[in-house]
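*Asks:* I'd like to ask you about the structure that follows.
Just so it is clear, none of the values below were taken in a lab; they were calculated from the coordinates. Since the model is a prediction, treat every value here as computed from it, not as a measurement. Here Cβ is always computed from backbone atoms with ideal geometry, including for glycine, and neighbour counts include all displayed protein chains.
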Amino acid sequence: MGPRIEDTARQRSRPRAGAAPDAAGAALLRRRGPRADPGEFAEPVEPAEPVEPGEPAILLVTSDEALRDEITLTAAVVGARTDARETWPEGWRRAVGPGGRWTAALCSPESAASAGAAADGLLLVGRGDAAHWQAAAGRPAAVPVPLPAAESWLGEHLAARATDRLPGRTVLVAGSHGGVGASTVAFLASAEAAARDERALLVDADPAPGSGLRDLLSATADAEALLDWTGIAATEGALAPGHLASALPEVEGIHVLTGAPTLELSSGLIDRVLSAGRRGFDLVVVDAGRGGTLGTPGEPGRAAEASRGEAAWDAGLLVSSASARGMRGAAEMLAARPQIPWAVVSSGAARPGWCREDLAALGPPVAADLPEQKWLRRADDLAEAYELLRTRRGEAFAAALLESVGAAEPTGLGTGLRAAAVGDE
């Protein structure tokens, strides 16, 4: 498939406030009841259109309608929404910057005088006439932007600020051996994050034949027309986070990146996705499957090499069974990648002579326990694992996964194997 990031970016977008909830949101409503309206607890500010989660917005204060329309168009080109006002909202300085209500603040010359004493980083946009430069002289901390001469610079600046957000967390999920359930754990962690209204990206770094993540897309309409590893490999340069999110297929509120098993994934290719993922998503979960992309102690491996190797990962989930094979494979994986902050996930039934608590001897904390789910094996469909999140124990298991990697605050549901265990059949 050829490069379609720009083309497919226009095909998909997250639903705006007030739209029907997606499947993940509906599941959360069924499990936890209606969400509180965020507006009930927000700091009082002047009325404005609600900001879509993940959608960058800029603050523009001006009474010049022509200038407002020009800035709105420039911002829209780089994927930002313009919150245009004629007066400055109370406390606007505290709400500008990464994690704030607005990613940048702009004003026209006639509005500069009422901006207040501090104006560091304020963009003073105008026509480059005498009034513009006079206003700039009175605001030395502001950045004068004469239009149309500086239109190109303004677009690049807003594009950079639109992605200047608190970076998302990157989590590597690997199995101690084949068939241990690494893909299931990666999917459940991503699905729980999506159900919490977090922007989640699930990356298949081991698209081997029979990949469960590729099967997730089998029922997705027009999945073949959307972005995959082949499409990314056919492009050059940095990936735009907004375009990546818009072009990837979405399942249960999760953006999924996978591809054909014949494609060789280089560390540079994975690095490009991680870089964009950190800037565009709250959680990036990379499924390394059987660990082939992690390599062995003598062979670095492509996923672990990506973006400065172990430093690329905020956390790792090592999925293992309580067995001789599982313990041996897990110990080898930990020795190969000692700098990754691992947590262990117990998966499947313990083999004779072993118990799940034996996994604690590996060293890293044991985050959660996923006993044998016979019904899930019979279903032979990774998407069916979503049903676990509709149970209280399944919810506790997924919450424990997010807590162990620092992607969620402790819920007070308890710690240790038993508290985070899904019930046995």
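*Asks:* Multiply the residue separation of Arg328 and Ala141 by 0.36 nm, subtract the distance between their alpha-carbon atoms, and state the gained length in nm to one decimal.
*Replies:* Separation in residues times 0.36 nm, less the Cα-Cα distance, equals 61.3 nm.
*Asks:* OK, next. Which residue, chosen from Gly138, Ala84, Val125, occupies the Cα position most advanced towards the positive end of the dipole of region 75-141, where the dipole is computed from +1 (Lys, Arg) and -1 (Asp, Glu) charges on Cβ about the Cα centre?
*Replies:* Farthest towards the positive pole: Ala84.
*Asks:* What percentage of all Cα-Cα pairs in region 55-162 are separated by more than 21 Å?
*Replies:* Tail of P(r) above 21 Å: 25 percent of Cα pairs.
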